[in-house]
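Asks: My questions will all concern the structure given below.
The values are calculated or read from the model by the stated rules, or taken from the named source; none is laboratory data. Predicted, not measured: the structure shown is a model, and the values here were computed from it. Here the Cβ positions follow ideal geometry from the backbone for every residue, glycine too, while neighbour counts run over all protein chains shown.
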Amino acid sequence: MSLLVFWTFTRRTPSLVLAYDWLPISYLLLLAVLFFLPLQSLSQSGRYHFLTTLKRVSLGGIAQTKDGKFGDILLADVLTSYAKVLGDLFVSLCMFFSSGKSATNKPDRGCGGQFIVPLVIAVPSLIRFRQCIIEYLRVRQSIQRQGGHSSDGWGGQHLANALKYASAFPVIILSALQRSLSFDHSSISMSETSLYRLWLFAVLVNSFYSFYWDVAKDWDLTLFSSRERISPEHPWGLRRRLYFEMKELYYVAIGLDMILRCTWSLKLSPHLDHFNDLEGGIFVMELLEVLRRWIWIFFRVETEWVRNSSMGMAQQDDVLLADYGVKDDDDI
C-alpha cells in the first residue's frame, strides 16, 4: 500500500509543480508589497528611507555628502552583486508570462530575446558608472567655483572608478555573443575560440581591476604601493590606523576578495550553463558572492570611519546611526 501511494505521488509531483508554479512569483510579489504597507511594526521609516534611496540610485543618482552619499554608494555597489540575480529573475518572469512555458522549468535564457537579459545584467554597473560621472562633474564644478582649486583634486579618481564599472560591459557583451554563437554559428564572423579568449581577457581585466580597487581605494590598504606597504609605521601591506587589532583579519579579507572576485566574474560564462543547471550550483556561487560583498561592506564602513576620525570630523553617516529622515529634493 505504501509503495502504491509513493508511486502515485511521484507520478503526480511534476504536474503539481507545474500547476502551482505561481507560488514562487507570488512570494516575490508579497515581498515587494510589504515595502509599501503602512505598518508601523515593519519599520516604516526604514522602509521609506530604503525606497527613497533605491529610487534615487536606480536612475544612477547620488546624494550630496550631507544627505547620505555614502549610503547611496553602498546600495548601488550591492546592486552590482545582484546582476546575475536580476537576470535570472527576468528570465523567470518572462517564462511565467509566456504561453506554453513555466517558471519552474529549465531556464530558457533566450526568453525575451538574446540581448535583453545581458542588458538587465548590465543595469547595476550602468548605475554606478553614472554615479561616478556625476561625482566627477561635481568636482569639476567645485574647481570652477573655487577658482581652479579643489581639495578633491581634479576628479581623476572618479573617472578611474567609472572605468572599473565600464570594464564589466565587455564581459557581458562577449558572454552574450558566445551564447548567440552557440545557437547560430552564422550570427558572428569570429570563431568560438577567439571569442572565448577575448571573453577570458575581459574577465581577467574586470576581476583584477575590481580587486585592486577594493584593496587600494575602498579599504585604503597599501598592498599595491611599493613605498608605503613596507613602512615601519604599520603592518606590511596594510595602513597606519586599523580599527581591528588582529591584522590577520585584513589579510584573510584580501585573500577571499581576490578569489571570490574571479569566481563571481565567471558567472556569466555560457560554458557554465550546465553548472547552473545542477541543483544548488548557482546558489553556491551567489552565496559566495553574498559572503564577499558582506566582507567588502564590513571593511568599507571601517575605512570610512577611520577616514572621518583621522580628519577630526567624526561624522556619523546616515547609513550608520543618523536619523532616517530623507529630504525630498535630493534626487538627481
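Asks: For the list (1) surrounded by 14 or more Cβ atoms within 10 Å (Cβ to Cβ); (2) hydrophobic (A, V, I, L, M, F, W, C); (3) closer than 30 Å to LEU177 by Cα; (4) free of Cβ contacts under 8 Å to residues at least 24 places away in the same chain, I need the number of the one condition that VAL205 fails.
Replies: (4)
Asks: Need pairs with beta-carbon distance below 7 Å; first residue among the charged types (D, E, K, R) and modelled with pLDDT of 95 or more and within region 155-172, second assigned to a helix (DSSP H, G or I) and crowded, with 16+ Cβ neighbours inside 10 Å; sequence gap 6+ or separate chains.
Replies: LYS164/TYR209; LYS164/SER210; LYS164/TRP213
Asks: When you scan region 278-292, do you find a residue that is at negative phi, modelled with pLDDT of 90 or more and in contact with a Phe, Trp or Tyr (Cβ under 8 Å, 6 or more places away or on another chain), even just one?
Replies: Among the residues of region 278-292, at least one is at negative phi, modelled with pLDDT of 90 or more and in contact with a Phe, Trp or Tyr (Cβ under 8 Å, 6 or more places away or on another chain), which makes the answer yes.
Asks: Which residue out of ARG138, ARG179 is over 30 Å from LYS247 (Cβ atoms), modelled with pLDDT under 90 and not assigned by TED's automatic domain parsing to the domain that holds ILE295? So that I can check it myself, show each step before the final result.
Replies: Values: ARG138 fails: modelled with pLDDT under 90.
On inspection, the qualifying residue turns out to be ARG179.
Asks: A further question on this structure: Out of all the residues in region 85-94, is one or more modelled with pLDDT under 65, within 22 Å of the chain's Cα centre (by Cα) and not acidic (Asp, Glu)?
Replies: No, region 85-94 has no match at all.
Asks: Sticking with this one: Being closer than 26 Å to ALA160 by Cα and modelled with pLDDT of 65 or more narrows it down to one residue among GLU233, GLU245, GLU302; which is it? Break it down stepwise before answering.
Replies: Numbers: GLU233 fails: closer than 26 Å to ALA160 by Cα; GLU245 fails: closer than 26 Å to ALA160 by Cα.
On inspection, the qualifying residue turns out to be GLU302.
Asks: Out of everything in region 30-47 that is within 22 Å of the chain's Cα centre (by Cα) and not charged (D, E, K, R), what residue ends up being modelled with the highest pLDDT? It would help to see each step written out before you state the result.
Replies: The initial filter retains those residues of region 30-47 that are within 22 Å of the chain's Cα centre (by Cα), namely 31-32, 35, 46-47.
After this cut, where a residue has to be not charged (D, E, K, R) as well, the list is 31-32, 35, 46.
Working: LEU31: 78, ALA32: 78, PHE35: 77, GLY46: 83.
Step by step, filter region 30-47, then rank; the result is GLY46.
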